[in-house]
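Accompanying notes for the structure given below.
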Amino acid sequence: MSYISRKLYETIREKGFVCVGLDSHMDYIPTYIKKKYNNDPEACLTAYNQAIIDATSDITAIYKLQIAYYEANGIAGLKAYRNTLQYLKQHELLSIGDIKRGDIAATAKEYARAHFDGEFAADFVTLNPYMGLDSITPYLDYLKRGDKGVFVLLRTSNSGAEDIECLDYQGKPLYFHIGDALQELTAEFDNEPYSPLGLVVGATHAEEASEIRQRYSKQFFLLPGYGAQGAKAENIRNYLTDFNGGVVNSSRGIIKYYQKFADGDTTEAKFANYTREAVIKMREDIYGA
């Protein structure tokens, strides 16, 4: 098993399967942070993310930063993205750069350099394979190196997945052809018990869960859909193996949870307590506690 696969596996075993999605928006930031930093985007987004991380790091496997939320704030937002990734690295916490890149090989090589070795370096990134396998192969050298991993879109949770991913091709959904081809790309890797090439699988599709898990038994799954998108705990359990082999993402359900309470944004302690409570409730729901 590669270093990064081992670290993710052991972190899930120690801390559970929760992936906190830092889809951080200026509208989500508590009043006490906005006042302290005078609504400065870089400072506010960075402080907000750090407060979430500090409140949850012992019960969270990995943090996923959706880059669009930072790009929307221009250079200040990208600085906050960089600051957050560096903060996670300093605290030896795992990160996913949710960038969903998918482009020709020459361009993909530069994306890989930017998001694995540059200022925006994360432990994992998300990729879109639907332009072809040459959009994935430039990342493989980093996977062979052992300290980086990817999650490639397979069967996503959005309704538009039916337009392309689920098309019938030679008697099976297109996403199975994609998944099988990705397995072949990493056949020579050390994939025990899990490969550094994982898959993004929407947890909203209960009827497909067992077949996908069985077919891709060596892949970690990044499982979006819990919370706002309606994925149920019993569905999610079918994608996991002894509550490992995947991480379950929740974004707004955690990072906006404090807004349910009148005093949620009044102090750092209140915000931290409510944010932590959201992760604990999610874990208990999926564990079936």
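The values are calculated or read from the model by the stated rules, or taken from the named source; none is laboratory data. Remember, it's a predicted structure, so these values are computed and weren't measured experimentally. A quick note on method: Cβ atoms are made from the backbone with ideal geometry, for glycine too, and the neighbour counts reach across all protein chains shown. Heads up: the accessible areas ignore ligands, DNA and RNA and are worked out on the full protein's heavy atoms, side chains in. Shrake-Rupley method; radii C 1.70, N 1.55, O 1.52, S 1.80 Å.
The table that follows gives values for the structure above.
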item: Selection count, region 248-263, where residues are assigned to a helix (DSSP H, G or I), surrounded by fewer than 18 Cβ atoms within 10 Å (Cβ to Cβ) and more than 18 Å from the chain's Cα centre (by Cα); result: 2
item: Candidates THR275, THR266, filtered to the one that is open to solvent by 60 Å² or more (accessible area, probe 1.4 Å) and either touching a residue at least 60 places away in the same chain (Cβ under 8 Å) or under 18 Å from the mean Cα position of the chain (by Cα) (or both); result: THR266
item: Counted residues, region 231-281 - those being out of contact with any strand residue (DSSP E or B) (no Cβ under 6 Å at 6 or more places or on another chain) and under 30 Å from THR31 (Cα atoms); result: 28
item: Strands (runs of 3 or more DSSP E) wholly inside region 29-129 that include at least 2 residues being open to solvent by 30 Å² or more (accessible area, probe 1.4 Å); result: 94-101
item: Checking GLY160 against (1) crowded, with 20+ Cβ neighbours inside 10 Å; (2) out of contact with any helix residue (DSSP H, G or I) (no Cβ under 9 Å at 6 or more places or on another chain); (3) in a helix (DSSP H, G or I), the condition it does not meet; result: (1)
item: Search result, residues across region 196-247 that are open to solvent by less than 10 Å² (accessible area, probe 1.4 Å) and among the hydroxyl-bearing types (Ser, Thr, Tyr); result: TYR216, TYR239
item: Hits in region 202-225 (condition: closer than 23 Å to ASP98 by Cα and at pLDDT below 85); result: ALA203, THR204, HIS205, ALA209, GLY225
item: Residue pairs meeting the criteria (Cβ under 6 Å; at least 6 apart or on separate chains; first without any contact (Cβ under 8 Å) to a residue 12 or more places away in the chain, in region 102-120; second open to solvent by 50 Å² or more (accessible area, probe 1.4 Å) and not in a helix (DSSP H, G or I)); result: ALA114/PHE120
item: Identity of the residue in region 133-157, over 15 Å from the mean Cα position of the chain (by Cα) and assigned to a loop (DSSP other than H, G, I, E, B), that ends up surrounded by the fewest Cβ atoms within 10 Å (Cβ to Cβ); result: ASP147
